[in-house]
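**Q** Once you've had a glance at the structure underneath, I'll fire off some questions.
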Ligand SMILES: [Fe+2]
């Protein structure tokens, strides 16, 4: 099925894919703390994610609450869409 | 503490309104082997674990289960969007709708409300981790049952992702069990 997805959803999907890599590597590292290759990949993913999230937040406001992302004026955390409303 | 991220862990798409599918998918929201039971099971058991690895894995997998709980809720929300009262009746969802409207409620596919009795905390790391491994297998089996019943390829894509995560969690818990058993044996020797 091919649907047109928004620019926002496109950027978000890219972030989701990097963050999923981070989640999976994090769990792997929890039980393989000495694995140097996984750790290097994890740290690289952290760098990529930081860049992608910064670019997204410039356009669509904070991705995280409680001091983890700055906001433009007016306070943009409450902007829609919320995650369950986004069409992928 | 926990931080909320304004994103899902994995994209949720549905082909269209489908109250019959919503009715069974609620099993993984508030059922015995669903995501709420999983998150609470692990986040409850983590405190008294003996090793840093066990505490870390229970914290991280418990947190990921919360993200899965949100994915299941989003599936329900999207499958119920735009559904008419007539369609709700045809799908046999009127008892649910009479009480909850289109809210996502913590109950299983048969309408049984969620209970903490769905999970155990034994104060014994081996008993707890073996329960966690069984829970992951039961969650995997439930996702396979849902995949057998589902008629929406978009929903199936998300269900397959969730199924796959249960397999990975099972693997990680097995490694933690080894770690905890090694720790226990080392305590016996010295
Ligand atoms: Fe799981």
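Every number in this text was worked out from the coordinates using simple rules, so none of it is lab data. Just so it is clear, the structure is predicted and the values come from calculations on it, not from any experiment. Positions of Cβ are generated from backbone atoms using ideal geometry, with glycine treated the same way; all protein chains shown enter the neighbour counts.
**Q** On a 0 to 90 degree scale, rounded to 10, what angle separates helix B:153-189 from the longest Cα axis of chain B?
**A** 20 degrees
**Q** Provide B:184, A:36 in ascending order of the number of other Cβ atoms located within 10 Å of each residue's Cβ, fewest first.
**A** A:36, B:184
**Q** Another question, if that's okay. Looking only at B:17, B:85, B:125, which one moves most when chain B is put into a Gaussian network model with springs between Cα atoms under 10 Å?
**A** B:85
**Q** What do you get for the angle between helix B:125-149 and the principal long axis of chain B? Use alpha-carbon atoms, 0 to 90 degrees, nearest ten.
**A** 20 degrees
**Q** Starting from the 7 Å offset along Cα-to-Cβ, what nm value, one decimal, do you get for the label separation of residue B:2 and residue B:86?
**A** 4.1 nm
**Q** If one computes the Cα centroid of region B:55-126 and of region B:1-51, what distance in Å separates the two points?
**A** Result: 7 Å between the Cα centres.
**Q** Taking neighbour Cβ counts within 10 Å as the exposure measure, how do B:151, A:24, B:157, B:132 sort from fewest upward?
**A** B:151, B:157, A:24, B:132
**Q** Please find the FRET efficiency linking residue A:48 to residue B:59, where r is the Cβ-Cβ separation and R0 is fixed at 22 Å, and quote it to the nearest 0.05.
**A** 0.35
**Q** Working out 0.36 nm times the residue gap between residue A:58 and residue A:80, then minus their Cα-Cα distance, what length gain in nm do you get to one decimal?
**A** So the extension gain works out to 6.4 nm.
**Q** Taking 35 Å as R0, compute the FRET efficiency from the Cβ-Cβ separation of residue B:15 and residue B:181 and round it to 0.05.
**A** Efficiency for this residue pair is about 0.15.
**Q** Moving to a separate point now. Where does the Debye-calculated log10 I(q)/I(0) of the protein assembly as shown sit at q = 0.12, 0.13, 0.15 Å⁻¹, using only Cα point scatterers of equal weight, no solvent?
**A** -0.83, -0.96, -1.21
**Q** Here is a further query. For chain B, modelled as a Gaussian network with Cα springs under 10 Å, which listed residue fluctuates most, B:95, B:135, B:39?
**A** Checking each option, the largest mean-square fluctuation is seen for B:95.
**Q** Listing B:102, B:122, B:7 from the residue with the fewest other Cβ atoms within 10 Å to the one with the most, what is the order?
**A** B:122, B:102, B:7
**Q** Given a Förster radius of 35 Å and the C-beta distance between residue A:41 and residue B:130 as r, what FRET efficiency does 1/(1 + (r/R0)^6) yield to the nearest 0.05? The partial results should precede the final answer.
**A** Details: r = 31 Å, r/R0 = 0.88.
The formula returns an efficiency of 0.70 here.
**Q** Can you pull the Kirkwood radius for region B:74-165, inverse mean 1/r over Cα pairs, to one decimal in Å?
**A** By the Kirkwood definition, the hydrodynamic radius is 15.6 Å.
**Q** Ratio of alpha-carbon Rg to the 2.2 N^0.38 Å globular estimate for region B:19-186, to two decimals, please.
**A** Scaled against compact globular proteins, the figure is 1.12.
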